[in-house]
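A short worksheet on the structure shown next.
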Amino acid sequence: MINSTGRDPAAAPDAARLHEVAPGAYAWVQPDGTWWINNAGVVAGDDGLLVIDTCATAARSERFLDAVRVATGGAPIRLAVNTHQHGDHTYGNSLLPASTVLIGHERMREGLRTDPVIDGCPPFWQPVPDWGPVRRRLPDVTTAAGLTVHVGDRRVELLHPGGPAHTTGDLIAWLPGQRLLYSGDLVFAGLTPLVFMGSVRGALAAVDWLAGLGPATVVPGHGPVLTGPDIERVFDEHRRYYRLVLAIAEDGIARNLTPLAAAAEADLAEFAGWADAERIVLNLHRAYADHAGSDVDLMMAFTDATAWLGGPMHTSV
Ligand SMILES: [Zn+2]
């Protein structure tokens, strides 16, 4: 249902919920998980909290942090980590207490430092997001390969997939004791995956890396929390999607098609009806750039995605 504001009430900010996914470990799940509507998390120990990502806007980040305060009896947020540089996971960093030690991959820090979108969102989305009173807050601690943090007696491994995947600076938060995985945007549950700032082949390899951990619970970057057989089902969907992107790219390059032309001709099959399907254009730009050994022109990629869609992309921010 879309109301008169053009927004889906089911995706309104007050539809977000904090779910306890293991004792003292929570997922902040924001429907509908589309562009800019992410998931976040928190892990509680006796001595305070680790927060995993913030949200795109000040209002959504405040709502998340309010829910955390209620659920944890106002425990102090000692540590926070950003799973990657994108604004839906990082623009709310400045709402964290000043005393919080913020951790990120070194490329994530550089990506947010030079991110122009926090200063004003280009009109590629409808409605055009307004972040509210946020400012760029960068990690205090960076890592290239990963590190382990201890939250009370809980071990939380912040791991890097070893190369570009969703972005060049991804980290996951893995709790081996609970077999609980906060995957960031290495997993989009039921929504089209996005790898235009990472690598299609790297993202494909990262699915096997995640599966090898043997998670019992996965908090994806977008979409509902996964348990049981849904985990392998969603991992398999990612594998099939990335192989489809690679196949469309290979065919398009062989026939001298642009990424947009290749996307326009492509049969997305089972993925045609997925939310944010226009990401095929962005993902093809990445596959083409990797083939050519060049960079993606982000403005051109977004311009092509809106051309494929016939208008601005959907957000519920
Ligand atoms: Zn995201």
Total charge dipole magnitude, the chain, about the Cα centre, Cβ charges on Lys, Arg, Asp, Glu only, Debye to nearest 20: 500
Set Lys and Arg Cβ to +1 and Asp and Glu Cβ to -1, take the dipole of segment 176-317 about its Cα centre, and tell me which of 195, 176, 259 lies farthest positive. 176
Just to be sure I understand: if I project the alpha-carbon convex hull of the chain onto a plane and average over all orientations, what area do I get in nm²? 15.0
Taking each pair of distinct Cα atoms in segment 252-317 once, what is the resulting Kirkwood hydrodynamic radius in Å? 12.3
Extreme residue, positive dipole direction of segment 9-227, given options 139, 36, 61 (C-beta unit charges): 139
Scoring only Lys, Arg, Asp and Glu (+1, +1, -1, -1) among other residues with Cβ under 12 Å from the Cβ of residue 165 yields 0
Rounded to the nearest 20 Debye, what is the dipole magnitude of segment 73-181 about its Cα centre when Lys and Arg each give +1 and Asp and Glu each give -1 at the C-beta? 240
Table column - 3J(HN,Hα) (Hz), segment 22-35, Karplus curve with 6.51, -1.76, 1.60, x for Gly and Pro: 7, x, x, 10, 10, 10, 9, 10, 10, x, 9, x, 6, 2
Starting with the highest mean, order 239-251, 126-138, 175-187 by the number of other Cβ atoms within 10 Å, averaged over the residues of each peptide. 175-187, 239-251, 126-138
For the chain, give the share of DSSP beta bridges that are antiparallel, in percent and rounded to the nearest 5; count only bridges with both residues there. 60
With the cut-off at 1.5 for a/c, could you classify segment 42-110 from its C-alpha gyration tensor as rounded, prolate or oblate? oblate
Between rounded, prolate and oblate, where does segment 76-225 land on the alpha carbon gyration tensor, with a ≥ b ≥ c its root eigenvalues, rounded for a/c under 1.5, else prolate if a/b exceeds b/c? oblate
The summed charge of the residue 183 Cβ neighbourhood (under 12 Å; Lys/Arg +1, Asp/Glu -1) stands at -3
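We did not get these values from a lab; they are worked out from the coordinates using the rules stated. Predicted, not measured: the structure shown is a model, and the values here were computed from it. Neighbour counts are summed over all protein chains in view; Cβ atoms, including those assigned to glycine, are modelled from backbone coordinates with ideal geometry.
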